[in-house]
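*Asks:* First the structure, then my questions, so here it is.
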Amino acid sequence: NLHIEHCTGCTACASVCPVNAIAMEPDHEGFLRPVIGERCILCHRCEQTCPILHPPVPGPAPAAAHAVWNRDEAERTASSSGGFFSLLARHVLEQGGAVFGAALDEDMTARHVCARTVDELAPMRGSKYVQSDLEGVFREVRRWLDQRPVLFSGTPCQVDGLYRYLGGRPENLTTCDLVCHGVPSPGVWEDMARSLEARRQQPLQAVRFRNKVAGWKDSHFTAVYG
């Protein structure tokens, strides 16, 4: 009874395919969905890995929940919420690890990238209200896990897909997800970004979806042109 619209675009199926027969391509709404090509050998590993086809069994509620915020005011201001991701990321980097998170590239496309230094964390800070491109990322995470600790930050569906792809929960993997209400289409965001550029006749240089320029409770969408 599952429909393609139930797919979250987590890329677990494409990542686990032994013959690279699955490509993530935009559908009619711009969402990245798996498309199976002619190289498919009918091994069914994609179906066995898909989180949507194998929903997790609900476990017991946590014994406690903690509210945390970053004491570094500058780092907290640069974040959409409390800045806890930055604390986790620095801890992993200090152990010689690698950090994966969503960033906007030069075309304002949201993609997951890897950081090995504190300076490389900056583009990952701040919420991006759009589905991020995870092409090749799960495989890269697995390669890093063979050598060093890894932090992966993303939506709950992306984190679930990563665990399904890995087939377990490696001790040297830390994941950080977020309270998610669903992600907008990359196609809609691309149309908006191009519209902003056309209106100003300048390319977008940076975007903040929730800028605290007017305070935490009154966040603004801001764009920098250049």
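*Asks:* If Cys17 satisfies all but one of (1) open to solvent by less than 50 Å² (accessible area, probe 1.4 Å); (2) modelled with pLDDT under 95, what's the number of the condition it fails?
*Replies:* (2)
*Asks:* Still on this structure, please answer the following. Can we say Val92 is outside any helix (DSSP H, G or I) and of a type in the set (Val, Ile, Thr)?
*Replies:* For Val92, the condition - outside any helix (DSSP H, G or I) and of a type in the set (Val, Ile, Thr) - is not met.
*Asks:* Here is a further query. Restrict the check to region 48-58 and report whether at least one residue is farther than 30 Å from Val213 by Cα and part of a helix (DSSP H, G or I).
*Replies:* Checked against the condition, which is being farther than 30 Å from Val213 by Cα and part of a helix (DSSP H, G or I), region 48-58 yields at least one hit.
*Asks:* Could I ask something else about it? What is the one condition in (1) more than 16 Å from Gly154 (Cα to Cα); (2) not in a loop (DSSP other than H, G, I, E, B) that His66 does not satisfy?
*Replies:* His66 satisfies all of (1) more than 16 Å from Gly154 (Cα to Cα); (2) not in a loop (DSSP other than H, G, I, E, B) except (2).
*Asks:* Are there any strands (runs of 3 or more DSSP E) wholly within region 118-226 with 3 or more residues that are in contact with a helix residue (DSSP H, G or I) (Cβ under 7 Å, 6 or more places away or on another chain), and if so which?
*Replies:* By residue number, 150-153, 173-176.
The values are calculated or read from the model by the stated rules, or taken from the named source; none is laboratory data. This one's a predicted model, so the numbers in the text were calculated from it and none came from an experiment. FYI the Cβ positions are ideal-geometry reconstructions off the backbone, even for glycines, and counts take in every protein chain you see. Note: areas computed on protein heavy atoms with side chains; ligands, DNA, RNA excluded. Shrake-Rupley method; radii C 1.70, N 1.55, O 1.52, S 1.80 Å.
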